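Report on one structure; see the data block that follows.
The values are calculated or read from the model by the stated rules, or taken from the named source; none is laboratory data. Remember, it's a predicted structure, so these values are computed and weren't measured experimentally. Cβ placement follows ideal geometry from the backbone for every residue including glycine, while neighbour counts extend to all protein chains displayed. The area values use the complete protein model at the heavy-atom level, side chains included, leaving out ligands, DNA and RNA. Shrake-Rupley method; radii C 1.70, N 1.55, O 1.52, S 1.80 Å.
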Amino acid sequence: MDILNYRPAVAADTAAIREVSIQSYGQFENVLAPEHWQRMKHGMSDQGMLDELMRISTTFVCDAGNELAGVVFLVPSGNPTDIYPADWAYIRRLGVHPGYRGHGIGRRLTEMCVEQAEINGEKILGLHTSTIMPDARHLYGKLGFTLIRELAPILGQQYWLYSKDLQQ
């Protein structure tokens with residue numbers, strides 16, 4: 001395997017980010033109802049949505065040689081949603097290309113988000129994940145995220161909200 005290089009993303013990475021996102025979430029095509037898969041895929045492939053997410057986030061990527069192997073977005077506090085309060089920073093769309101799974105890429109990208117959130121002075125870091133993502137749930141627990149509550153179903157699936165107190 002190529003040497004892994006972790007770094008902040010740049011604008012020139014957008015096409016590769018879109019592709020690795022679609023590839024990494026492609027495993028859910030056969031799990032989700034067709035209309036939910038189409039909605040998820042649209043969210044991963046829509047250029048306007050990606051541009052906006054990159055505009056408000058710190059985006060970290062992992063390179064493996066000349067290929068993008070993983071991506072994650074750290075959204076700072078001040079960007080509330082129906083899930084996250086305004087005073088929370090949160091992690092979005094952690095994705096690792098299927099060909100690079102099992103090498104700690106998801107863990108390292110998540111750790112980078114925690115480290116950056118601490119540097120930024122964030123107090124709480126949140127994320128949400130689903131029953132169809134057991135590996136992610138296990139990883140987040142190992143990294144000190146605590147289950148806060150069950151969310152209303154998203155894409156027809158059970159989801160949970162997690163947080164990590166960064167002021168310890």
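Return only the number of the condition from (1) surrounded by 13 or more Cβ atoms within 10 Å (Cβ to Cβ); (2) assigned to a loop (DSSP other than H, G, I, E, B); (3) touching a residue at least 60 places away in the same chain (Cβ under 8 Å) that Asn79 does not satisfy.
Result: Asn79 fails condition (3) only.
What are the residues in region 95-113 that are closer than 15 Å to Gly126 by Cα and open to solvent by 30 Å² or more (accessible area, probe 1.4 Å), if any?
Restricting attention to region 95-113, the residues satisfying the condition of being closer than 15 Å to Gly126 by Cα are 109-113.
Answer for region 95-113, where residues must be closer than 15 Å to Gly126 by Cα and open to solvent by 30 Å² or more (accessible area, probe 1.4 Å): just Glu111.
Restricting to region 134-168, and then to whatever is open to solvent by less than 30 Å² (accessible area, probe 1.4 Å) and in a loop (DSSP other than H, G, I, E, B), can you tell me which residue is farthest from Gly26 (Cα to Cα)?
Top of the filtered list is Leu166.
Is it fair to say Tyr100 is within 26 Å of Ala16 (Cβ to Cβ), among the aromatic types (Phe, Trp, Tyr) and under 13 Å from the mean Cα position of the chain (by Cα)? Spell out the reasoning first.
On the way: within 26 Å of Ala16 (Cβ to Cβ): yes; among the aromatic types (Phe, Trp, Tyr): yes; under 13 Å from the mean Cα position of the chain (by Cα): no.
For Tyr100, the condition - within 26 Å of Ala16 (Cβ to Cβ), among the aromatic types (Phe, Trp, Tyr) and under 13 Å from the mean Cα position of the chain (by Cα) - is not met.
In region 1-50, which residue that is open to solvent by less than 30 Å² (accessible area, probe 1.4 Å) and not in a helix (DSSP H, G or I) is farthest from Gly70 (Cα to Cα)?
Leu32
Among the residues of region 117-127, which ones are touching a strand residue (DSSP E or B) at 6+ places or on another chain (Cβ under 8 Å) and open to solvent by less than 50 Å² (accessible area, probe 1.4 Å)?
We begin by selecting, within region 117-127, every residue touching a strand residue (DSSP E or B) at 6+ places or on another chain (Cβ under 8 Å); these are 117, 120, 122-127.
Selection gives Ala117, Glu122, Ile124, Leu125, Gly126, Leu127.
Can Arg92 be described as touching a strand residue (DSSP E or B) at 6+ places or on another chain (Cβ under 8 Å), open to solvent by 40 Å² or more (accessible area, probe 1.4 Å) and either within 25 Å of His103 (Cβ to Cβ) or not in a strand (DSSP E or B) (or both)?
Details: touching a strand residue (DSSP E or B) at 6+ places or on another chain (Cβ under 8 Å): yes; open to solvent by 40 Å² or more (accessible area, probe 1.4 Å): yes; either within 25 Å of His103 (Cβ to Cβ) or not in a strand (DSSP E or B) (or both): yes.
Answer is yes for this residue.
Condition first: at negative phi, open to solvent by less than 50 Å² (accessible area, probe 1.4 Å) and assigned to a loop (DSSP other than H, G, I, E, B). Now tell me which residues in region 51-76 satisfy that. Spell out the reasoning first.
At the first step, the residues of region 51-76 found to be at negative phi are 51-64, 66-76.
Going one step further and asking which of them are open to solvent by less than 50 Å² (accessible area, probe 1.4 Å), we end up with 53-54, 56-64, 68-76.
The answer is Ser57, Pro76.
Where the second residue is open to solvent by 40 Å² or more (accessible area, probe 1.4 Å) and assigned to a helix (DSSP H, G or I) and the first is in contact (Cβ under 8 Å) with a residue 12 or more places away in the chain and lies in region 1-22, which pairs have Cβ atoms under 7 Å and are six or more apart or on separate chains?
Pairs found: Tyr6/Arg108; Arg18/Ser45; Ile22/Lys41; Ile22/Ser45.
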